[in-house]
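What follows is one structure encoded as structure tokens, with my remarks underneath.
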Amino acid sequence: MNSPCRILVLISGNGSNLQAIIDSVQSGQINGKLVAVFSNKADAYGLKRAELAGIPGEVIPYADFNDRQKYDQALVKAIDTYQPDLIVLAGFMRILTDEFVNHYAGRMLNIHPSLLPKYKGLNTHKRVLDAGEKEHGASVHFVVPELDSGPVILQGKISIAENETEQQLIERIHEIEHKIYPKAVRWFADRRLALSKGIVLFDNKPLTQPKLL
Ligand code: GAR
């Protein structure tokens, strides 16, 4: 078996996706070790989740820098002391500099609450409802410098119910996220995923379409 993948998670808030990954590591489904959880917000509940799981937590507030480049450089410096194999963005609500993204090229994943490439950016659930879409979902993708545009690895889809509220949709999308993110992280930890020239390789073969849960 491969050596456990050293996983470092970046969060800004509740950290329910972090929790799903913690649970999958603890149950042995992910061959990994969570080496640290970083947050840009001191009050992120995800830090509590990390503490409860015995994972080191670090807070690096943007206000200490007020300069995107300096902030991201400080983040890289602090992150790299943990020598991670994989960076997992789990609700880390900051736009990263190209320098940061390129430093972790091919070893940084993000989860986004939409069926990418549709609905990049914020407030996806409301925009999906306003547009009268019939389906919605979540996507795990490799991170590239352009926001929410990296090659998609895995998606989970749901049909939108008639009269479904935004809150109901948010909750159902979270359930999907908690399934797809640990699965994609498991694939990465098992060395089944790679990024080559902007294309996802799964078991060494180009993924022509995202996998579906
Ligand atoms: C998740 O729904 C994730 O998809 C979203 O933030 C939420 C974090 O929830 N991320 C983005 O919108 C990134 N563009 P969590 O803190 O409970 O995991």
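The values are calculated or read from the model by the stated rules, or taken from the named source; none is laboratory data. Everything quoted here is computed from the prediction, not taken from an experiment. Heads up, the Cβs are rebuilt from the backbone with ideal geometry, glycines too, and the neighbour counts pull from every protein chain shown. Ligands, DNA and RNA are excluded from the accessible area calculation, which covers all protein heavy atoms including side chains. Shrake-Rupley method; radii C 1.70, N 1.55, O 1.52, S 1.80 Å.
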Given unit charges at Cβ for Lys, Arg (+) and Asp, Glu (-), the dipole magnitude of segment 58-149 about its Cα centre in debye, nearest 20, is 260 debye
Quick check for me: using +1 on Lys/Arg Cβ and -1 on Asp/Glu Cβ, what's the dipole size of the chain about its Cα centre, in debye to the nearest 20? 560 debye
Tell me the Kirkwood radius of the chain: reciprocal of the mean inverse pair distance over distinct alpha-carbon atoms, in Å. 17.5 Å
Treat every Asp and Glu Cβ in segment 29-85 as -1 and every Lys and Arg Cβ as +1, leave all other atoms uncharged, and give the resulting dipole magnitude about the Cα centre to the nearest 20 debye. 120 debye
Picking from Val143, Val152, Val101, which is most flexible by a Gaussian network model of the chain using Cα springs under 10 Å? Val101
Would you mind computing, in nm to one decimal, how far apart the modelled labels at Gln29 and Leu122 are, each placed 7 Å from Cα along Cα→Cβ? 3.2 nm
So if R0 is 30 Å, what FRET efficiency would Leu212 and Lys70 give, r being the distance between their Cβ atoms, rounded to the nearest 0.05? 0.15
Could you tell me the distance between the Cα centroids of segment 193-210 and segment 74-91, to the nearest Å? 23 Å
Projected label distance in nm at Ala105 and Asp190, using a 7 Å step from Cα toward the beta-carbon: 2.8 nm
I need the peptides 14-22, 63-71 ranked by packing, meaning the mean over residues of other C-beta atoms within 10 angstrom, with the highest value on top. 14-22, 63-71
Residue-span extension gain [Thr165 to Glu146] - 0.36 nm each, minus C-alpha spacing: 3.8 nm
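Return the FRET efficiency for the residue pair Glu58, Asp130: r is the Cβ-Cβ distance, R0 is 30 Å, and the value is rounded to the nearest 0.05.
Computed FRET efficiency for Glu58 and Asp130: 0.20.
With respect to the cross-link table entries Lys126/Lys183; Lys157/Lys197; Lys41/Lys77, which display a Cα-Cα separation exceeding 24 Å?
As for pairs spanning more than 24 Å Cα to Cα, those are Lys126/Lys183; Lys157/Lys197.
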So what is the accessible area of the chain per residue, in Å², with the probe set to 1.4 Å? 50 Å²
Along the charge dipole of the chain, pointing to its positive end and built from +1/-1 on Cβ of Lys, Arg, Asp and Glu, which listed residue (Asn204, Ile158, Gln19) has its Cα farthest out? Asn204
What nm value, rounded to one decimal, do you get for the distance between Asp98 and Lys77 when each label is placed 7 Å out toward the C-beta? 2.3 nm
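So what is the calculated 222 nm ellipticity per residue for the chain, using -39500 (n - 2.57) for each DSSP H run with n of 4 or more, over all residues, to the nearest 500 deg cm²/dmol? It would help to have the intermediate numbers written out before the result.
Numbers: 6 runs with 69 residues, N = 213.
After summing the helix terms and dividing by residue count, I get -10000 deg cm²/dmol.
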